[in-house]
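Student: Have a look at this one.
Every number in this text was worked out from the coordinates using simple rules, so none of it is lab data. Source: prediction; values computed, not measured. Note that each Cβ is placed from the backbone with ideal geometry, even for glycine, and that neighbours are counted across all protein chains shown.
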Amino acid sequence: MSKFAERYGPWAVITGASSGIGAEFARQLAGYGLNVVLVARRRDRLEELASGIEDMYRVEARVAPADLTARNIVQVLQPALADIEIGLLVNCAGFGTTGPFLDMDPSVQESMINLNCHAPIVLTHEVAQSMRERGRGGVIFVSSVNGFCAAPGMANYNATKGYDLLFAEGLAAELAPYGVDVQALCPGGTYTEFQHVAGLDSRALGPLSGLVFANASTVVTTSLRKLGKRVTVIHGFINKLNVFMMRFMPRWLSTRLLGTALRRLAAHH
């Protein structure tokens, strides 16, 4: 058994595991020798991923189809989690929208808060209790570089990611004395389904898209390499530079600049 599996195994729970960063977390954690519980709405995708993981990595992969926007998500997932020892929770599920907030469907915006904020909080409260008792384990919150700054057109999404970021940093300080590692992973643009759902198109950046957008595999590799070593993990040099520069800008200016960039991405889409 690897040192990683000894510290964060034998089971990992990954939300948003049907595609993108979540699916990549599942594959890479299985590569470390962890059994995985795959949580998302689309059962067919989860079963396909689970089958591939079991064939390739010889670990157990359990599917738990669920709507993570449900207020009773802990109760819904209880049957899939009750009989296993969870050493790592990856709160990856999330979505965003673009456009003026007052023109958005309020029920969709509420669902975003439930998925991006409520589900990670209640699942962490449930799962991390036993980690604290054992004196080992980890929790990863997939935030975003957007969590460092407000933006017109993504006001609610950026606020949810700011919540995830600050909650993870605070929880990390609380759980560090107990040997439980907490990470706030902050990707920038990543080639996943998120861009399409949010109404963004990386092609608007032309030849610069390769510098700004990353593959899910590199994002997850960075996260797992830094787990237990750094709380706030920003993937990519450009993203690190942007976040660093925000520290020296008045907030109104960073808000305006990010809003301009998002309008360009959305217009091209």
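Student: Could I have the simple spin-label model distance between Leu241 and Ile113, label points 7 Å from Cα toward Cβ, reported in nm to one decimal?
Tutor: It works out to 3.7 nm between the two label points.
Student: Another question about this same structure. Quick check: the angle from helix 20-31's long axis to the longest principal axis of the chain, C-alpha only, nearest 10 degrees?
Tutor: That helix lies at roughly 30 degrees to the long axis.
Student: Where Lys and Arg each count +1 and Asp and Glu each count -1, what net charge lies around Ile84 among other residues with Cβ under 14 Å from its Cβ?
Tutor: It works out to a net charge of -2.
Student: So how much slack lies between Ala173 and Lys229, counting 0.36 nm per residue of separation and subtracting their Cα-Cα distance, in nm?
Tutor: 18.9 nm
Student: List, in order, the whole-Hz ³J(HN,Hα) value for each residue of the range 171-181 obtained from phi through the Karplus relation with A = 6.51, B = -1.76, C = 1.60 and θ = phi - 60°; use x for Gly and Pro.
Tutor: Each residue's phi maps through the Karplus curve to give 5, 4, 5, 5, 8, 3, x, 9, x, 9, 8 Hz.
Student: While we're here: According to a simple spin-label model (label point 7 Å from Cα along Cα-to-Cβ), what is the distance in nm between Glu85 and Leu102?
Tutor: Distance between the two pseudo-spin positions: 5.6 nm.
Student: Another question about this same structure. Using Cα-Cα distances under 8 Å and only pairs 6 or more residues apart, what relative contact order does the chain have, in percent?
Tutor: 18 percent
Student: How would you classify the range 1-131 from its alpha-carbon gyration tensor, with a ≥ b ≥ c the square roots of the eigenvalues: rounded for a/c under 1.5, else prolate if a/b is greater than b/c, otherwise oblate?
Tutor: Taking the square roots of the gyration eigenvalues as a ≥ b ≥ c, the range 1-131 is prolate.
Student: Specify the angular offset, from 0 to 90 degrees and rounded to the nearest 10, of the alpha carbon long axis of helix 251-268 from the longest principal axis of the alpha carbons in the chain.
Tutor: With both axes taken from Cα atoms, the answer is about 90 degrees.
Student: Could you give the size of the charge dipole of the range 3-268 about its Cα centre, using +1 on the Cβ of each K and R and -1 on the Cβ of each D and E, expressed in debye and rounded to the nearest 20?
Tutor: Dipole size: approximately 960 debye.
Student: So how tilted is helix 237-246 from the main axis of the chain? Cα-based, degrees 0 to 90, rounded to 10.
Tutor: 60 degrees
Student: Please find the FRET efficiency linking Met56 to Met249, where r is the Cβ-Cβ separation and R0 is fixed at 41 Å, and quote it to the nearest 0.05. Spell out each step's value before the answer.
Tutor: On the way: r = 46 Å, r/R0 = 1.11.
Approximately 0.35, to the nearest 0.05.
Student: Within a Cβ distance under 10 Å of Val145, other residues only, what is the Lys/Arg minus Asp/Glu net charge? If you can, show how the numbers build up before the last one.
Tutor: Numbers: positive: Lys161, Lys240; negative: none.
Result for the local shell: +2.
Student: If you don't mind, there's one more thing I want to ask. For Asn215 and Glu133, what does the FRET efficiency come to when R0 = 35 Å and r is the distance between their Cβ atoms, rounded to the nearest 0.05? Write out the running numbers ahead of the final one.
Tutor: Values: r = 37 Å, r/R0 = 1.06.
For R0 = 35 Å, the calculated efficiency reads 0.40.
Student: Among Ser130, Ser144, what is the fewest-to-most ranking by other Cβ atoms within 10 Å?
Tutor: Sorted ascending by nearby Cβ count, the order is Ser130, Ser144.
Student: Percent of Cα-Cα pairs more than 35 Å apart in the chain, please.
Tutor: Everything past 35 Å amounts to 13 percent.
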